[in-house]
Amino acid sequence: MASELLDRIRLSGDVPEHVAIIMDGNGRWARARGLPRHRGHREGMKSVREVIEGCVEAGVRILTLFAFSTENWQRPPQEVSALMSLLQLYARKERAELRRQGVEVHVLGELDRVDPTTRRAVDTIVEGTRGGSELRLNLMISYGGREEILRSARELARCVVAGELALEDIDEDVFAATLFTAELPDPDLLIRTSGEHRLSNFLLWQLAYTELHVSSVLWPDFTREHLFEAVLDYQRRERRFGRVSAP
């Protein structure tokens, strides 16, 4: 099945250069099985591996995963601790395999809020995969879209007050250069799992003209076949970026 979908992708046109994913449904997956929430998060690691390998196979160049939001800090302390432990485990278990596959990991977000042990693990996977040329993997940790925009506005205001930047010189390119995703193209395709239809404060600036694909599948059940189906859906779209179609 996966190979057939991959063949169709290769015959169907342009592959999205940048795919972003809101990985949703871990808690519901666990609850449906009478398991604690952290088991759903742990099971979701398998889907992360599936999607990374699928992106490499399909020719996607950049994959951005919403791993931990600023709002997630408000969850019960035991769940936050479990999520941080899972990040540490992921860094230890996956670093060598990601490096072998040519995946270069970047971790973006308000990392000063992350505990020292998790931060060291994050730094280790970033350093251990540096130079990978097949896929850039962005893990968004302690990230919120509104907070990112406010952070950029404050930085630009500081530059203007300091005389480093003229007010009239601020345009979309200057603003985008202050974001965590500076120098990256905006996502071509956003996938959200679990059937929810909202952005959940994710990449609010960057998703302005991104194609959206909502999957009803809970994240721990999401496979590379589901990824390929989303890419095929993207390939059927006509991207106009606010313009009209050619006659």
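Since every read-out is calculated from the coordinates, none of them should be taken as a lab result. As the structure is a computational prediction, the values presented were derived from the model and not from experiment. Please note: Cβ atoms are built from the backbone with ideal geometry, for glycine as well, and neighbour counts cover all protein chains shown.
A few points about this structure:
- For the range 28-40, the candidate set comprises residues that are surrounded by fewer than 19 Cβ atoms within 10 Å (Cβ to Cβ) and not charged (D, E, K, R); within that set, the residue that is nearest to ASN72 (Cα to Cα) is HIS38.
- Residue that is farthest from the chain's Cα centre (by Cα) [pool: residues in the range 72-116 that are closer than 30 Å to LEU11 by Cα and part of a helix (DSSP H, G or I)]: ARG100
- The one condition in (1) surrounded by 19 or more Cβ atoms within 10 Å (Cβ to Cβ); (2) over 23 Å from LEU6 (Cβ atoms) that LEU204 fails to fulfil: (1)
- Of the residues screened, GLY144 is one that is under 30 Å from ARG28 (Cα atoms), of a type outside the set (Asp, Glu) and out of contact with any Cys (no Cβ under 8 Å at 6 or more places or on another chain).
- Among residues of the range 155-171 that are on the phi < 0 side of the Ramachandran plot, those with a Cβ under 6 angstrom from a residue that is of a type in the set (Ser, Thr, Tyr), sequence gap 6+ or separate chain, pair up as GLU155/THR178.
- Among the residues listed as LEU199, LEU190, the single one being assigned to a strand (DSSP E or B) and either surrounded by 13 or more Cβ atoms within 10 Å (Cβ to Cβ) or within 16 Å of the chain's Cα centre (by Cα) (or both): LEU190
- Qualifying positions in the range 33-71 - in a helix (DSSP H, G or I) and free of Cβ contacts under 8 Å to residues at least 24 places away in the same chain: ARG39
- Test: residue in the range 217-240 that is assigned to a strand (DSSP E or B), touching a helix residue (DSSP H, G or I) at 6+ places or on another chain (Cβ under 7 Å) and closer than 25 Å to GLU147 by Cβ: no
- Residues in the range 117-138 that are assigned to a helix (DSSP H, G or I) and either charged (D, E, K, R) or within 17 Å of the chain's Cα centre (by Cα) (or both): ARG119, ARG120, VAL122, ASP123, ILE125, VAL126, GLU127.
- Among (1) in contact (Cβ under 8 Å) with a residue 60 or more places away in the chain; (2) within 15 Å of LEU63 (Cα to Cα), the one test that ASP221 misses: (2)
- Check on ILE141, of a type outside the set (Ser, Thr, Tyr) and either in a helix (DSSP H, G or I) or out of contact with any Ser or Thr (no Cβ under 9 Å at 6 or more places or on another chain) (or both): no
- Considering the conditions (1) more than 30 Å from ARG31 (Cβ to Cβ); (2) part of a helix (DSSP H, G or I), THR178 is excluded by exactly one of them, (2).
- Among the candidates GLY144, GLY132, GLY128, residue that is buried (at least 19 other Cβ atoms within 10 Å of the Cβ), touching a residue at least 12 places away in the same chain (Cβ under 8 Å) and either touching a His at 6+ places or on another chain (Cβ under 8 Å) or among the small types (Gly, Ala, Ser) (or both): GLY144
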